[in-house]
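Chemist: The structure's right below; bear with me while I get my questions together.
The values are calculated or read from the model by the stated rules, or taken from the named source; none is laboratory data. No experiment lies behind these values; they were computed from the predicted model shown. Cβ: placed from backbone, ideal geometry, glycine included. Neighbour counts: every protein chain shown.
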């Protein structure tokens with residue numbers, strides 16, 4: 001907002017009134033700039049998180065499905081269970 005524009009819209013406005021209007025407008029503008037900067041930072045952070053997540057998911061493209069990993073660990077799991085059962089259970 002420009003001082004001349006306010007003077008043209010409000011004929012007879014005093015300098016004190018004009019100063020107050022300009023100060024209030026400046027406060028409003030600065031408050032909105034701060035909010036916009038905060039949203040911009042939040043957006044940039046969210047975009048970075050999204051890229052990290054997408055990159056992580058891309059590492060799994062063409063890889064095994066969860067069921068296939070389960071099948072891979074079934075045999076070692078069975079061996080561990082067998083060995084645990086074979087341990088003697090003695091109490092001191």
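Chemist: Just checking, which of 89, 50, 43, 84 is surrounded by fewer than 10 Cβ atoms within 10 Å (Cβ to Cβ) and in a helix (DSSP H, G or I)?
Modeler: One residue alone meets the criteria, 84.
Chemist: Has region 6-18 got any residue that is surrounded by 10 or more Cβ atoms within 10 Å (Cβ to Cβ) and in a loop (DSSP other than H, G, I, E, B)?
Modeler: Checked against the condition, which is being surrounded by 10 or more Cβ atoms within 10 Å (Cβ to Cβ) and in a loop (DSSP other than H, G, I, E, B), region 6-18 yields at least one hit.
Chemist: Go through 72, 28 for me and flag whichever is under 41 Å from the mean Cα position of the chain (by Cα), modelled with pLDDT under 90 and either part of a helix (DSSP H, G or I) or loosely packed, with under 10 Cβ neighbours inside 10 Å (or both).
Modeler: Exactly one of 72, 28 is under 41 Å from the mean Cα position of the chain (by Cα), modelled with pLDDT under 90 and either part of a helix (DSSP H, G or I) or loosely packed, with under 10 Cβ neighbours inside 10 Å (or both), namely 72.
Chemist: Related question: Any residue that is under 36 Å from the mean Cα position of the chain (by Cα) and either farther than 30 Å from residue 6 by Cα or without any contact (Cβ under 8 Å) to a residue 12 or more places away in the chain (or both) - is there at least one of those in region 79-92?
Modeler: No, region 79-92 contains no residue that is under 36 Å from the mean Cα position of the chain (by Cα) and either farther than 30 Å from residue 6 by Cα or without any contact (Cβ under 8 Å) to a residue 12 or more places away in the chain (or both).
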